[in-house]
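See structure below.
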Amino acid sequence: MSRRLLAEARQALEDLLPSVSDYHANRYRQSLKAAEQEAARLASQHIEAQSEAVQAARDQALRQLTETRDAFQELARLGSLGRISSADYQARLADLKSEQQNAEAVLDKAQAEVELISAIEADPIQWFDSLAQRFPNMKLEVGF
């Protein structure tokens, strides 16, 4: 058995098939299928963990944006009543804009994570192989 990328194992299997018996061909196919199932399982675990993290970040960012919107409205009310100095108004406005930008940046990052999750869902085997290329100890044992 050797540790390989799944794409390498698939190619090696295709190269071997013409020269092995049906018995060995089926064993090798089963070994590759088991490795691909393990990669898909790991991808699924990763997707689940990332989805939870994305949802938590999204919820926190939306709460922050709601609080910021409410604070903008309160600031506008206080400003229109003349109950706040222009210096305090400008400082608070700048703070609120910064809070809004930070929350929007979190949403942008969450969107990027959602796109990555979608790519993993579309091809979990390719995702696993790309990870195993960077971290060779993740290569799976394939029985041929």
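The values are calculated or read from the model by the stated rules, or taken from the named source; none is laboratory data. These numbers were taken from a predicted model, which means no experiment stands behind them. Note that we place each Cβ from the backbone using ideal geometry, even for glycine, and neighbour counts take in every protein chain shown.
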Checklist line | Every residue from the range 82-97 that is surrounded by 13 or more Cβ atoms within 10 Å (Cβ to Cβ) and hydroxyl-bearing (Ser, Thr, Tyr) | finding: Tyr89
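Look at Glu67 and say whether it is assigned to a helix (DSSP H, G or I) and under 12 Å from the mean Cα position of the chain (by Cα). Working first, answer last.
Details: assigned to a helix (DSSP H, G or I): yes; under 12 Å from the mean Cα position of the chain (by Cα): no.
No; evaluated as a whole, the condition is false for this residue.
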Margin query: Looking for something free of Cβ contacts under 8 Å to residues at least 12 places away in the same chain, under 24 Å from Leu140 (Cβ atoms) and surrounded by 14 or more Cβ atoms within 10 Å (Cβ to Cβ) - is there at least one such residue anywhere in the range 35-43?
Written below: no
Margin query: For the structure I just gave you, tell me whether Ile125 is assigned to a loop (DSSP other than H, G, I, E, B), surrounded by 13 or more Cβ atoms within 10 Å (Cβ to Cβ) and out of contact with any strand residue (DSSP E or B) (no Cβ under 7 Å at 6 or more places or on another chain).
Written below: no
Notebook entry, point to check: Quick one: what pairs do we get from the range 1-30, first residue assigned to a loop (DSSP other than H, G, I, E, B), second among the aromatic types (Phe, Trp, Tyr) and surrounded by 12 or more Cβ atoms within 10 Å (Cβ to Cβ), C-beta under 8 Å, 6+ apart or different chains?
Noted result: Met1/Phe144; Val20/Tyr28
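For every residue, the table says whether it meets (1) at pLDDT 95 or above; (2) hydroxyl-bearing (Ser, Thr, Tyr); (3) assigned to a helix (DSSP H, G or I).
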site	(1), (2), (3)
Arg41	yes, no, yes
Ser44	yes, yes, yes
Arg63	yes, no, yes
Leu75	yes, no, yes
Ile84	no, no, no
Notebook entry, point to check: Does the range 61-81 contain at least one residue that is loosely packed, with under 15 Cβ neighbours inside 10 Å and under 30 Å from Ser44 (Cβ atoms)?
Noted result: yes
Margin query: Please verify whether Asp108 is more than 16 Å from the chain's Cα centre (by Cα), assigned to a helix (DSSP H, G or I) and free of Cβ contacts under 8 Å to residues at least 60 places away in the same chain, treating the condition exactly as stated.
Written below: no
